Each structure stands twice: as C-alpha cells, then as structure tokens.
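One structure is given here, and the rest of the page talks about it.
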Amino acid sequence: MTFLEQVGRAAIVQVEDAGALAMQFWSVLRKLPRVLPVVGARRRWRSVVEQMLTIGASALPMAGAMALCTGFILALQSASELRRFGAVELVVEVVVIGFTRELGPLVTALSVSGRSASAISAEIGTMVVTEEMDALRVMGLDPVEFTLAPKYLAALITMPCLTILSTLCGIFAGYLFLAFSMDMSLRIYFQAVAEAIRLRDVAFMLVKSMVFATIIVHIGCLEGLRVRGGPEAVGHSTTAAVVKSTFLIILADLGTTAIFYLMGWSATG
Amino acid sequence: MINPNAAKSGDAVISIRGVSMSYSGRRVLDQVDLDVCRGEILVLLGGSGSGKTTLLKHVLGLAKPEAGSITMNGVDITCCSQPELGAVRRRIGVAFQAGALFNSMSVEDNVALPLRELTQLADSTIKLIVWMKLIAVGMSDAASLYPPELSGGMRKRAAVARAMALDPEILILDEPSAGLDPIVSAELDELILFLKRSFGVTILVVTHEMESAFRIADRVAMLYQGRLIAVDKKEQFARHAHPRIRQFLDRQPDAMPRVAAEEFIASYMRGSKK
C-alpha cells in the first residue's frame, strides 16, 4: 500500500467514525423522551435509575478520592510558588477557580470514563455477541430506546451531580492543606471560597460535565455496537472505548475552554 | 426440483423465493427457495458456514437479501415498511442459539418482557401467562433465577418460553440442541414436539444435529454452500442420494484438507532434509 493510500484510508475511517457518532447521537436524541418518567414509556425510567446507580453513585468514592488528591496536589504546588510572593492565601482562589472551571469536571470525567465507558461498551458488546440485540429487534423493541437511551439520560443527570460533589471534595482538600500549613480555620477558608466562587464558573462546570457525560456514554455505546464476532472482540471494544473517550474528553475540554475564553466569559471580574 | 413435497403454496406461512446474498464477493446464499407450511416442523440442516444462520437472519428481517423475496403471512418482509415488519414479527417467536436472555432480568421478567412492552395487559394477567409458559417448558421452579445461574438446557428452555410469550404462530429455534448433553438435548426435542402438539405452532428449527433433526422434523431441508440441495419428508431425506447429504448423514470428513495437510507436511520434510 502506498503512503497516499494509507492516508486516504485512515481519513475515510475517521470520517466514518464521525458519521456513525452523529447518526447514533441523533437516533438516541429522538428516543430520549421515551425514557423519561411520566411522559415516557411505562417502566423505562426504572432502567434509568438503575443506570444512574451504576454510572453515577458507584463512581462517587473513586471520583471523590481522585478530586481530593488532585485538590491537595494543586494546593501544594501553587503554595510553593505563591509563597515566594507572600501570597499563600491565594491558594484558595487557585483551588476554587481551578476546580470549578477545569479540574472538577475533568477529574470526574476521567474517573467515570475509566469505569463506565469500558463497562458500557462491554455490556453492549456482549449483548451484540450473544444476539440479545437481535432478540430485542425481533421482539419489536428498539435497542436504542431500550438500552442506549437510559444510559444517556442517566449519565446526563448524574455527571453534573458527581462533578459538584468532586469539586467540593477538591475544595475541601484545599482547606486540609491550608489548615495544616497555616492553621487556617474552616470558617475563614469558606469565607474565602465564597468570595472566589462565581456563578458563571459553576455554570461552565455543569455544561462541561454534561458534554463529557455525552462523550463517555456515546463512545461506550458506539464501540459496543461495533463488536462483531466472538467474545474477544468485546475486549478490543472496551479498550478502544476508554482510549477514545479519554482522548475526546481532553479534546472537548480544550474546545469548550477555548470557546468560553474567546467569549470573554472566563475573565476574572 | 427443489420443492417436491411442499404443500400448496397457500398453506405456506413462510415462503422464501430466490433469496441470494453475498458478503464481500462471496456467495453466502444462492437462489434459495423454501416454504414452511402451517403446523409443520421444518428442520433446516447445514454444516458450519453453509449459510443457515444468514438465511435465518433474513427470515427474521435482520438483514435484507440482494435478490429474492421472503413472504410471511402474505407480507413480503424484504420490502415492507417498519410497522408492517413489526406486525409480522409479533407473530413470530424466536429462541436464539445462546438464549439471548437479558442478564439483568430474572427468567420470569425475561418471559414477561414482550408482554409488558407490547401488550396492554394488566400485571396480574401477565404474571399468569408467564407462569403458564414457564410450566409448559418445565421451568416453573427456576422463575426467580437469573440467566447466568442457569445451565445450558435451562437457558434454552427459558428462551423458548420467552419466544412463546405472545402465542406466536411461528416459532423459530436456532440450534436448540447445540452444546447440550444427549439427555438434555432429547428433553428439548420432546419439548419442541410437545409445543407443536399442544399449541399447533409452526416450527422452523435451524440445526446441524442429525439425530435431533430426525426426531422432531416433519420435513428436512439441507443447505450446502448457500444452496438448498434438498427439501424432503424426513423418511425420503434419509435415503437421499446427494453425496453431500450422504456425507453429512454418515459423518464422513471432507477429504480435501487432510490431503492438503499431508502434502504440506511432505513438502516441508523434503525441504528440511536439504
């Protein structure tokens, strides 16, 4: 194969990927109302609750611990620099702004991506291999509505909640650091936090977390549905799901941050 | 030549006409004609790679053929609309090879699923129907178990119960006896015969197990390399002269690969002596 052919083929694969992503997104979006409680199909929202527990609630310890560590690291690193300017109190601002704008959603998304993107693609891939997807179709049930849509909705609900909680963990880690290093009291710390936190940043954080949630579920489902052949293909798909979703999360983070920056929304004022 | 014993076409619940399909240049199905008549058990035999799974996918409307038509109850499912296909599918029950039960639901919920999703029946009625189906397949004491806790035979029984949930006219079974020991496999054969006797359901079985095929079948059809080489009443089928059928019936291996392997080894030995 010549170099040009290779480039062309790789480009086609990427375009196909993008096309498949868009098509799946559209078909899920159309089915999303069906899984809502009250207005949706009966009983479907129960699987949403189940998914919320597996995607969201069980990820809490991990996401919280990661945020706690990251918060502590951030405080440590920034304190050693800020101390030179005699501005250790600014650690509070660094931690609060860093977490609401950036690290809260990112750390949460990375932990959920590692747990759920792989789990989702494994689950869906196994359903493809064991003909459960075919069984659904033959029974006249739409696999998108039945298996994909509940996961989307669950992720869209739980990810912002998780992000808020892990951001709180990160900010609390900042307090732990300051309490140890300069005996700052909890009251004073949280006063400083209240001054540093801004509604716009929190909104930004929630938007980001929902974008990341979509990426994680979307890639997990797509890779799962792509499984062809035997059980070993499921293994490949889980790896691909984690790698792709992690990469796309970072890419989307860059994208959203750039948009917010260019709109002038991230200026401190 | 293909369909000597088929009943009048008006009697056919499924009629497959000239269905062809190829994947990446390889012919998987080649001009397949087959009728499944009301109330009969038709066994579709074929070795691995003979195209029987592909044909099944087409019959279920999961794949569209390149040419030909598949008519079920008068509706051509190769060119009908999605709602029409849905209506046709509601009258078919399918038990897939590995059962395709949903692992997150108990056996009872698996059987109840089509009833809950596709009918407006009250919960108490659904429960009653589910229990009737589970008793019919002999699974009533395993109702609260989850699919991973079931043995192979139980999984297949549960799959049959789910396939029967909506009282289908046609029951399609994919490899019902594959991977089961002879006793369980024989029990499953009995179950299939029982379902035909007591519910009058038309049954299409796809399998490669000769013994089970001859036990349950009214008629046997044989696929080989995508072609239907024989469709016959089972008594005639057993006396069929086609070399491939004889080979299948007598469990003879293909000659080619062995010769090729021997030649390869011989040439390898010659090469290594030099």
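Bear in mind that the values in this text are calculations on the coordinates, not laboratory data. Just so you know, these numbers come straight off a predicted model, no measurement behind them. Every residue, glycine as well, gets a Cβ built from its backbone with ideal geometry; the counts of neighbours run over all protein chains shown.
Some observations on this one:
- Computed label-point distance, nm, for sites residue B:87 and residue B:11 using a 7 Å Cα→Cβ extension: 2.7
- Fraction of beta bridges assigned by DSSP in chain B that are antiparallel (%, nearest 5): 55
- Computed FRET value (nearest 0.05) for residue A:49 with residue B:144, which takes r as the C-beta separation and R₀ as 25 Å: 0.75
- Pairs from the list A:151/B:64; A:31/A:244; B:127/B:233; A:208/B:57 with a Cα-Cα gap above 32 Å: B:127/B:233; A:208/B:57.
- Average projected area [Cα convex hull, the stretch A:170-215], square nanometres: 3.8
- Amide N proximity, the stretch A:94-121 versus residue A:80 label position 7 Å along Cα-to-Cβ, cut-off under 18 Å: A:94-95
- Estimated [θ] at 222 nm from DSSP helical runs (n ≥ 4, -39500 (n - 2.57)) normalised by residues in chain A, nearest 500: -25500 deg cm²/dmol
- Going by neighbour counts of Cβ atoms within 10 Å, the residues A:157, A:55 line up, fewest first, as A:157, A:55.
- Where only alpha carbons of the stretch A:1-118 are counted, the Rg and the Dmax (Å): 22.0, 62
- For the stretch A:1-66, the spherically averaged projection of the C-alpha convex hull amounts to 7.8 nm².
- Taking B:141, B:174, B:76 in turn, the Gaussian network model of chain B (Cα-Cα springs below 10 Å) assigns the largest fluctuation to B:141.
- Most mobile of A:31, A:208, A:151 in a GNM of chain A (Cα contacts under 10 Å): A:31
- Principal semi-axes in Å for the stretch A:170-259 [√(5λ), Cα gyration tensor, largest first]: 40, 17, 9
- With both residues required to sit in the protein assembly as shown, DSSP beta bridges show an antiparallel share near 55%.
- Net +/- balance of residues flanking residue B:85 in space, Cβ distance below 12 Å, scoring K and R +1, D and E -1: +3
- When chain A is treated as a GNM with alpha-carbon contacts under 10 Å, the residue of A:193, A:39, A:243 showing the greatest mean-square fluctuation is A:39.
- Mean separation of Cα contacts under 8 Å (6+ apart) over length of the stretch A:115-269, as relative contact order %: 44
- Computed from backbone phi with θ = phi - 60° and the Karplus coefficients 6.51, -1.76 and 1.60, the 3J(HN,Hα) list for the stretch A:67-79 is 5, 4, 5, 4, x, 5, 4, 4, 5, 4, 5, 6, 5 Hz; x is used for glycine and proline.
- Environment charge of residue B:207, counting only residues whose C-beta is closer than 9 Å and scoring Lys/Arg +1, Asp/Glu -1: -2
- Volume in Å³ per residue [convex hull over Cα atoms, computed for the stretch B:106-176]: 86
- Pair-distance distribution of the protein assembly as shown: all C-alpha pairs, bin width 10 Å, starting at 0; shares per bin in whole percent are 3, 15, 21, 19, 16, 11, 8, 5, 2, 0.
- Here the stretch A:140-163 is scanned for amide nitrogen atoms under 18 Å from the site 7 Å beyond the Cα of residue A:27 along Cα-to-Cβ, giving A:140-153.
- Each other residue within a Cβ distance under 11 Å of residue A:20 adds +1 if Lys or Arg and -1 if Asp or Glu, for a net charge of -2.
- Estimated Rh, the stretch B:97-247: Kirkwood, alpha-carbon pairs, angstrom: 16.5
- Eligible aspartates and glutamates near residue B:133 by straight Cα distance, threshold 14 Å, same-chain separation 8 or greater: B:108, B:109, B:141, B:167
- Shown here: chain B, whose C-alpha atoms stretch 79, 43, 37 Å along the first, second and third principal axes, sorted largest to smallest.
- Counting other Cβ atoms within 10 Å as a rough exposure proxy, the listed residues A:45, A:26 run A:26, A:45 from fewest neighbours to most.
- Estimated from the Cβ-Cβ distance and a Förster radius of 30 angstrom, the FRET efficiency linking residue A:161 and residue A:183 is about 0.35.
- Using equal-weight Cα scatterers in the Debye expression, the normalised intensity of the stretch A:115-202 in log10 at q = 0.10, 0.22 Å⁻¹ is -0.50, -1.07.
- Here the stretch B:170-274 is treated as a sphere whose radius is the Kirkwood value from Cα pairs; by Stokes-Einstein at 4 °C and 1.567 mPa s it diffuses with a coefficient of 79 µm²/s.
- Quarter of the Cα convex hull surface for the stretch B:1-115, i.e. its orientation-mean projected area (nm²): 9.1
- The label point for residue A:20 and the one for residue A:202, both projected 7 Å from the Cα toward the Cβ, are 4.1 nm apart.
- The stretch A:3-262, Rg to Rh (Cα coordinates; Rh as Kirkwood inverse mean 1/r): 1.06
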